[in-house]
Amino acid sequence: MLFTSAVPNPAHRALARLEEEGKLKAVITQNIDGLHQMAGSREVLELHGSVHRNYCTRCGEFYDLDYVAQSEGVPHCSCGGVIKPDVVLYEEGLDDRTLRKSVAYISHADMLIIGGTSLVVYPAAGLIDYYRGNKLVLINKGATSRDSQADLVISDSIGEVLGTVTGVNL
Ligand SMILES: [Zn+2]
């Protein structure tokens, strides 16, 4: 799961630019790689957590990604406890505070742009139901289960589309 050399793509950079211009309130993501923050996004709600936050399960000490990446086998704290990433693993529930904040943003949004997901992973995919506006935009290379609900469907890569409209690709 660790790709420490990954860098933001045009989609990450475009979202950061839209936020800087005051046109975007928040990014709600299933990604755990921290690339939105690396691109400059400030309000990022990480539904599945982040590999950049790691804690000792015994004493709570914080460890960064480099420490975990450089450990051999299961990473351990100096106290002997196991270090666990702040990432939602299979069969674990999502963080309640992040989920509530996401619902608040979506239910008050004028426009909701959903990109780079086929909308099959629940409960993240269910968040779309909290949107009450009439500008639902889906940007994804393949069809999604919610295409018929959208006001605009763009079947292309999110990086290509957002990168072009914001000018970060130019
Ligand atoms: Zn510890």
Residues of segment 139-158 satisfying the condition of being in a loop (DSSP other than H, G, I, E, B) and of a type in the set (S, T, N, Q):
Asn140, Thr144, Ser145, Ser155, Ser157
Failed item, numbered, when Asp95 is tested on (1) of a type in the set (D, E, K, R); (2) farther than 25 Å from Ala150 by Cβ; (3) loosely packed, with under 13 Cβ neighbours inside 10 Å; (4) away from the ligand (no atom under 16 Å from the Cβ)
(3)
Name the residues in segment 39-73 that are in a strand (DSSP E or B), in contact (Cβ under 8 Å) with a residue 40 or more places away in the chain and in contact with a His (Cβ under 8 Å, 6 or more places away or on another chain), would you?
none
Is it the case that some residue within segment 79-86 is among the small types (Gly, Ala, Ser), closer than 30 Å to Thr57 by Cβ and out of contact with any helix residue (DSSP H, G or I) (no Cβ under 9 Å at 6 or more places or on another chain)?
yes
Only one of (1) of a type outside the set (A, V, I, L, M, F, W, C); (2) farther than 23 Å from Pro8 by Cβ; (3) surrounded by fewer than 15 Cβ atoms within 10 Å (Cβ to Cβ) fails for Gly167. Which number is that?
(2)
Looking at segment 13-38 only, could you name the residues that are without any contact (Cβ under 8 Å) to a residue 60 or more places away in the chain, part of a helix (DSSP H, G or I) and closer than 12 Å to Thr166 by Cβ?
Ala16, Glu19, Glu20
Counting only residues that are touching a helix residue (DSSP H, G or I) at 6+ places or on another chain (Cβ under 7 Å) and either on the phi > 0 side of the Ramachandran plot or part of a loop (DSSP other than H, G, I, E, B) (or both), segment 101-117 contains a total of 1
Within segment 115-164, which residues are among the basic types (Lys, Arg) and surrounded by 16 or more Cβ atoms within 10 Å (Cβ to Cβ)?
Arg146
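Since every read-out is calculated from the coordinates, none of them should be taken as a lab result. Computed from a predicted structure; not experimentally measured. Here Cβ is always computed from backbone atoms with ideal geometry, including for glycine, and neighbour counts include all displayed protein chains.
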